[in-house]
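Worksheet for the structure shown next.
The values are calculated or read from the model by the stated rules, or taken from the named source; none is laboratory data. None of the values given here were measured: they were computed from a predicted structure. Glycine gets a Cβ as well: all are built from the backbone with ideal geometry, and neighbour counts include every protein chain shown. What goes into the accessible areas is simple: the full protein's heavy atoms, side chains included, and nothing from ligands, DNA or RNA. Shrake-Rupley method; radii C 1.70, N 1.55, O 1.52, S 1.80 Å.
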Amino acid sequence: MSFQVIGTGSAAPACVKTNDDLSEFLETSDEWIRTRTGIRERRICTSETMSDLTEHAAKLALENAGIDAKELDLILCTTVRGDYMTPSQACVIQKRIGATCPAFDLNAACSGFLYALDVAESYFFCKKVKKVLVVSSEVMSKLVNWTDRSTCVLFGDGAGAAVLGEGDDMLSLRLTADGNWDALRIPQVNGNCPFGEEQGEPPYLSMNGQDVYKFAVTNMAADLTYVIEKAGLTTADVDYVLPHQANTRIIDAAAHRLSIPKEKYVISIDRYGNTSSASIPVMLDELNRGGRLKKGDILAMSAFGGGFTTGAGVLRWSK
Ligand code: ACO
């Protein structure tokens, strides 16, 4: 037994910043950002906290599933950094939505949503749960260096959630990890311990864009091929591909290697930028609320991110 998705939700901060807005204080341009990445604008938390976004997405997903928070048996929150080191973001949300079940955070960077689905699947398989909330929430705007044009233009803030119930719709899943802290990392904020030498790496995201690019292109096509085959399907059976939204050129390159028509690839990076682990559940919610999904549709998902990590899976839609 795996699970079925019974509800989805998403939330984004109100503030929209276009590429032109960024070029007011950075040496960049709409043309550079758009042609290199596909991003036109992103949402940035100004008055909202991550907890606000997470709560909003979670409540919408519960409403869509038609269940009360008290019915949840587990909450999994994926994020690279919650509002607090402790309590976890999952515990903050448990309180805010009025749930009473165990709750914990999971950090697999941009692959977090797929990692959480894998964890959830094990809980369902062991019959420890009947209803699980997975909520992926990221405030990347607080993690990038806004004087570094090579990274800050790429990211945005948002949250996406899915409520899972008993079922057999997760047809295949694959996770990988390949430790590498040179290509992409975000150092922790240091304390003020008076002993020993200061370890002073700034707490901002740093990235070797080309290394990440190569890793992503190689793995996205290979992972999708693997999970589609593992599900006993062919690329012709896939109705939608939900690729992690880091760069449309990465998606184009992966699409080029797979025989799935371009129209089946869902794109949201133009409006949100890279929202790390939130990108796939936000697209899932947009498809669901937009009435674009019908019973039996096959969704192929693929993510990659810091770690390096990758996650991919094939989900049948039966809501
Ligand atoms: N505006 C204008 N010029 C810029 C900007 C900018 N915002 N950023 C960099 N440049 C300049 C560089 O300084 C460089 O100038 P130079 O040639 O004079 O030295 C030039 O543009 C080219 O820079 P490159 O880094 O070679 O540009 P590239 O074509 O590789 O694109 C990019 C960079 C968009 C980051 C690309 O490598 C990429 O998308 N990589 C993958 C990144 C990614 O997926 N990150 C997230 C994954 S992990 C996660 O989601 C957390």
Quick one: work out Rg over Rh on the C-alpha atoms of the range 175-319, Rh as Kirkwood radius. 1.07
From the cross-link list Lys230/Lys295; Lys131/Lys230; Lys70/Lys130, the entries with a Cα-Cα span beyond 23 Å are Lys131/Lys230
Gyration tensor on Cα atoms of the range 68-222, a ≥ b ≥ c root eigenvalues, a/c under 1.5 rounded, else prolate if a/b beats b/c, else oblate, says oblate
With 0.36 nm assigned to each residue of separation and the Cα-Cα distance removed, Asp168 to Arg34 gains 44.3 nm
Tail fraction, Cα-Cα pairs, the range 17-106, threshold 19 Å, whole percent: 53
Using a 1.4 Å probe and ignoring any ligands, DNA or RNA, find the accessible area of Arg149 and quote it in Å² to the nearest 10. 130
Using a 1.4 angstrom probe with every protein chain in place, what is the largest-first accessible-area order of His56, His256, His244? His256, His56, His244
Kindly work out what percent of the DSSP beta bridges joining two residues of the chain are antiparallel, to the nearest 5. 70
Relative contact order computed over the range 185-319 (Cα-Cα under 8 Å; 6+ residues apart), in percent: 26
Compute the Cα gyration tensor for the range 97-136, then decide on rounded, prolate or oblate, letting a ≥ b ≥ c be the square roots of its eigenvalues: rounded whenever a/c is under 1.5, prolate when a/b is larger than b/c in the other cases, and oblate in all that remain. oblate
Distance in nm between label sites at Ala177 and Asp237, each 7 Å beyond Cα in the beta-carbon direction? 3.0
When N is the residue count of the chain, what does its C-alpha Rg come to as a fraction of 2.2 N^0.38 Å? 0.95
Quick one: pull the percent of accessible area on the range 1-85 belonging to carbon and sulfur, 1.4 Å probe, ligands and nucleic acids left out. 44
Over all alpha-carbon pairs of the range 1-152, lay out the pair-distance distribution in 10 Å bins, whole %, shortest bin first. 11, 36, 30, 16, 7, 0
Give the accessible surface of the range 84-237 per residue, rounded to a whole number of Å², with probe radius 1.4 Å and ligands, DNA and RNA excluded. 51
Give me Rg over Rh for the range 71-131, both radii from the alpha carbons and Rh done the Kirkwood way, two decimal places. 0.97
Based on the alpha carbons, how large is the Rg to Rh ratio for the range 192-264 when Rh follows Kirkwood? 1.27
